[in-house]
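The values are calculated or read from the model by the stated rules, or taken from the named source; none is laboratory data. Everything quoted here is computed from the prediction, not taken from an experiment. Cβ coordinates were reconstructed from backbone atoms using ideal geometry, including for glycine residues, and neighbour counts include every protein chain displayed.
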């Protein structure tokens, strides 16, 4: 009790957050959960039907395809979307010239400002078999037949992963840079006293000091992998759909396009469940709570 | 250390610098190309902008795309709305998320783990699943057709809370303790010590939030009907959406679409250097070596 | 540890919120009772709330003016919500959250089907049949109403515009230049497309042209017609069949694969959106596309605006004839209004529906708002700059009402194209299982066309998967 009283100021500080989330996250969530157990019609009676919606979803093969696609593409984005910005941040951090650093940061951050509609369109254009830059280069350098990247299943997932990593690389790199900025300069001074090379400084100072930031980013990215939507929606086409349609595309199609709100809600709750499981694993593995 | 080794190291350093710069420049090129493509298309004439050959340079240079957008849309009002929503929303977001982040670094705070879980779980909710109930909440609070609904939408996020918590963790906790001994209240400690020392973090969150708020599209589409309350993104979108799915007669040429996109991101590019100053300062401190 | 925490948090959150839940008035889940509009003589001053996807101004302010124009002409107090994007989401959210609209614009029949099953639409049969305007066959041909009937045979919507058809659109000037005739058979078509590819029809000395470009599968209807295959479902003896997934489709896919292999077909046909396909056509890169009839006029007009002396001439073409003489063309789903069951002012909505199909309504829906989009002076009607940009399309580029004549001459080529649509085009049968079936059909069809797998195997796979998922009988 005394503990609680002593800490009361913290609960006061947390109060608006709790209220906000209760109202704008948990209440809608519970309502959504309710929907998933209803034969949800747009108007009129909405009788409860137990687990029918869940059953329907579980027996839909395209749901399982979508789950597997999500894990594949999301997993790829999780791993490479973590490594690439880290390397980029380390590399930027080694740049001494302030103007170059500034320009590089600005430029690297531009793709994030453009929506997937624009970026997706440009990717499709760059990868096109007849006029795309990539194929032109491949033909010139290797003299091979043009590859129809966007239409072949073998490439589809890689392209999704690659373009997602590329688009947000500069942006996520800002997080690492901010983390690096928080490292005490004295540590580097000490390292230099010991005549540590630049690589050694990275290895023995930057990376260990960045551990917490890395954990947070890993956790945050994990939460994101089930939510991929815009990108796939823009870049998919029927020839590769079965390899790239992710869970959110599935729920969009069920809910918004086919107006089957009950099954769509059920599918969404699978998404919540999977995220929960995966996050718990990552949280445990990174010992997030012990930070 | 002998001279030879030093020289070797210096030479290796220079090679590394060159390679590193080359790597960055190459990467930057891949990012400049799409942007240049957008710019080139925006500054081409309507017909030319539909030809596939435009990559880096405009063809048939013209500002027709911009003038079309400019003449058909009165952008002042939507622009002001966007500024209001973005600025007030970002400030509230950063403040409240930081506050929560600050609470979550307190050691031995009963219920902390619960609160972390409470925050984490909010990030797992797919927006699609709660779109309808969320609309109902806004409706019941009489927020439909108000800018407040847009400020409130995403006013606090688990993402920012956890990031701020991380930034605050890098501030030695002893500072908090000693300030307490000096008789400072927790709120003062938060504002004067933590917010100041984690300036880089604050700037980062601010930048992230600013960008996503500025680009926000689905909330205003769902919550706002009144044309005097729409945001810039919605106004531009209303103009550049091409109803090609039906037998509509409407043709929006590529240059108009690209001009719209450029207009919408120029404010972001303009704001960036101001925010960048903050983390450059931090970066220079952290990386000032050799 | 963390798992336990998550569970605890879930339970706690649940209990906290269930209490909030209980007190929440469940207006959304109780059957919506329309405030029965008193049968007053006059609807003047009555409110009318419209949710539209295509109908309205082109900009937010334009939209406000558009709503004002409806108010002025109908005497109603009109609000018009036209979302800038995500229209489907907006409709869904509005409907299920109990937001009240008097009219909602819908552009596909699958939606009408879903709305019917979910209690959204109201029966308009009596209204349509007793309405002087709407029951007049000169305003809307009687047979057309069948499109908007529910499974129970009642009418649930009122047309918003005339919807055309898609057809092969060919570069007539290229045909003339190469001394070729409009193709009637698959072989003739092949010869022509090959000539478009190889004989430098644009005369720039480079082999940079394609014979054919498409976007998506329904665009190839004009060619699949030569094997008598109709897209989507066809009912045969009460059984669901998908012609594109039958053995008869194999030679067709092989034909396309040949085009792709020989470089006659635009290799981007899989990733093309319609805009890209149109742009290729407009920029002399391809000799034939399949698209809406209305666009024949648009294509010609755009090129003429660019260069008054252009040789460019696009022409709509009838689908290839099957061995038994049938010609299959694809009619687009109608664009129509529904009155939702919870509409507060259905009488006002009905007044609007009549107005919308009369001359004043049609002028508003096509040209737009007077003094903003067009002006009327001693010389008659003329379009303003704003009006020109809107291309005489404020939701109604073409209409049914034959008593209302267009105020401006039709764009070149469009009348001929529309005549073909009216003669041959039929709706596709879209059952509720179609979205699932479509994924399978398009996936393998495109693979076969692209030559990624033999057409025979592709069709076999289609059949296997469609059967397994119980999507065909």
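Residues in the stretch C:82-139 that are assigned to a loop (DSSP other than H, G, I, E, B) and touching a strand residue (DSSP E or B) at 6+ places or on another chain (Cβ under 6 Å): C:101, C:102, C:120, C:124.
When we screen C:404, C:414, C:441 for residues that are more than 30 Å from residue C:257 (Cβ to Cβ) and touching a residue at least 60 places away in the same chain (Cβ under 8 Å), the only hit is C:414.
Consider residue C:437 carefully, then state whether it is assigned to a helix (DSSP H, G or I) and not assigned by the TED database to the domain that holds residue C:58. In short, yes.
Condition check ((1) more than 12 Å from chain C (Cβ to nearest Cβ); (2) over 30 Å from the mean Cα position of the chain (by Cα)) across all residues:
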| site | (1), (2) |
| --- | --- |
| B:10 | yes, yes |
| B:24 | yes, no |
| B:28 | yes, no |
| B:46 | no, yes |
| B:59 | no, yes |
| B:63 | yes, no |
| B:67 | no, no |
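Scanning the stretch B:107-138 for residues that are surrounded by fewer than 18 Cβ atoms within 10 Å (Cβ to Cβ) and facing another protein chain (nearest Cβ under 7 Å) turns up B:110, B:114. Exactly one residue out of B:185, B:201 is surrounded by fewer than 21 Cβ atoms within 10 Å (Cβ to Cβ) and within 8 Å of chain A (Cβ to nearest Cβ), and it is B:185. Go through the residues of the stretch B:48-55 one by one and say whether even a single one is under 30 Å from residue C:280 (Cα atoms) and more than 14 Å from chain C (Cβ to nearest Cβ). Yes, that holds for at least one residue. Considering the stretch B:97-113, the residues that are in contact with a helix residue (DSSP H, G or I) (Cβ under 6 Å, 6 or more places away or on another chain) and in a helix (DSSP H, G or I) include one that is nearest to residue B:149 (Cα to Cα), namely B:97.
Looking across the stretch C:207-216, just one residue is farther than 16 Å from residue C:193 by Cα and surrounded by fewer than 20 Cβ atoms within 10 Å (Cβ to Cβ), and that is C:216. Screening the stretch C:140-158 for residues that are assigned to a loop (DSSP other than H, G, I, E, B) and touching a residue at least 40 places away in the same chain (Cβ under 8 Å) and picking the one that is farthest from residue C:425 (Cα to Cα) gives C:156. Of all residues assigned to the stretch A:238-251, none qualifies as being under 30 Å from residue A:94 (Cβ atoms) and in contact with a helix residue (DSSP H, G or I) (Cβ under 6 Å, 6 or more places away or on another chain). Listed by position, the helices (runs of 4 or more DSSP H) contained in the stretch C:182-287 that have at least 3 residues being more than 29 Å from residue A:123 (Cα to Cα) are C:186-198, C:221-224, C:250-261. Among the candidates C:467, C:447, the residue that is outside any loop (DSSP other than H, G, I, E, B), in contact with a helix residue (DSSP H, G or I) (Cβ under 6 Å, 6 or more places away or on another chain) and free of Cβ contacts under 8 Å to residues at least 40 places away in the same chain is uniquely C:447.
Within the stretch B:210-223, the set of residues being buried (at least 23 other Cβ atoms within 10 Å of the Cβ) and facing chain C (nearest Cβ under 9 Å) comprises B:220, B:221, B:222. Taken residue by residue, the stretch A:112-131 has no member that is under 21 Å from residue B:21 (Cα atoms) and either within 7 Å of chain B (Cβ to nearest Cβ) or surrounded by fewer than 16 Cβ atoms within 10 Å (Cβ to Cβ) (or both).
Of all the numbered requirements in (1) touching a helix residue (DSSP H, G or I) at 6+ places or on another chain (Cβ under 8 Å); (2) part of a helix (DSSP H, G or I); (3) more than 11 Å from every other protein chain (Cβ to nearest Cβ), residue A:179 misses one, and that requirement is (3). The set of residues from the stretch C:296-311 being more than 10 Å from chain B (Cβ to nearest Cβ) and surrounded by fewer than 19 Cβ atoms within 10 Å (Cβ to Cβ) comprises C:304, C:308, C:309, C:310, C:311. Give the stretch A:182-195 a look and list any residue that's more than 10 Å from every other protein chain (Cβ to nearest Cβ) and touching a helix residue (DSSP H, G or I) at 6+ places or on another chain (Cβ under 7 Å), or say none. Across the stretch A:182-195, there are no qualifying residues. Considering the stretch C:51-78, the residues that are over 14 Å from residue C:368 (Cβ atoms) and within 11 Å of chain B (Cβ to nearest Cβ) include one that is modelled with the lowest pLDDT, namely C:60.
Candidates are the residues of the stretch A:138-157 that are over 13 Å from residue C:267 (Cα atoms) and touching a residue at least 24 places away in the same chain (Cβ under 8 Å); the one that is nearest to the other protein chains (Cβ to nearest Cβ) is A:153. When you check residue B:279 against the structure, is it in contact with a helix residue (DSSP H, G or I) (Cβ under 6 Å, 6 or more places away or on another chain), modelled with pLDDT under 85, within 30 Å of residue A:182 (Cβ to Cβ) and assigned to a helix (DSSP H, G or I), yes or no? So residue B:279 fits the description; yes.
Taking the criterion of being surrounded by 22 or more Cβ atoms within 10 Å (Cβ to Cβ) and either in contact (Cβ under 8 Å) with a residue 12 or more places away in the chain or more than 7 Å from every other protein chain (Cβ to nearest Cβ) (or both), no residue of the stretch A:6-28 qualifies. The lone criterion from (1) farther than 21 Å from residue C:190 by Cα; (2) away from chain B (no Cβ under 14 Å); (3) in contact (Cβ under 8 Å) with a residue 24 or more places away in the chain; (4) touching a strand residue (DSSP E or B) at 6+ places or on another chain (Cβ under 8 Å) left unmet by residue C:274 is number (2). One residue alone among C:81, C:86 is at pLDDT below 90, under 28 Å from residue B:239 (Cα atoms) and under 26 Å from the mean Cα position of the chain (by Cα), and that residue is C:86.
This table checks each residue for (1) within 24 Å of the chain's Cα centre (by Cα); (2) in a loop (DSSP other than H, G, I, E, B); (3) surrounded by fewer than 22 Cβ atoms within 10 Å (Cβ to Cβ); (4) not assigned by the TED database to the domain that holds residue C:63.
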| residue | (1), (2), (3), (4) |
| --- | --- |
| C:368 | yes, yes, no, no |
| C:376 | no, no, yes, no |
| C:382 | no, no, yes, no |
| C:386 | no, no, yes, no |
| C:396 | yes, yes, no, no |
| C:406 | yes, yes, yes, yes |
| C:412 | yes, yes, yes, yes |
| C:416 | yes, no, yes, yes |
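Within the stretch B:35-57, can you find the residues that are surrounded by 20 or more Cβ atoms within 10 Å (Cβ to Cβ), at pLDDT 85 or above and in a loop (DSSP other than H, G, I, E, B)? Passing the criteria: B:43, B:44.
Residue B:159 falls short on exactly one of the conditions (1) within 23 Å of residue B:91 (Cα to Cα); (2) over 21 Å from the mean Cα position of the chain (by Cα), and that condition is (2).
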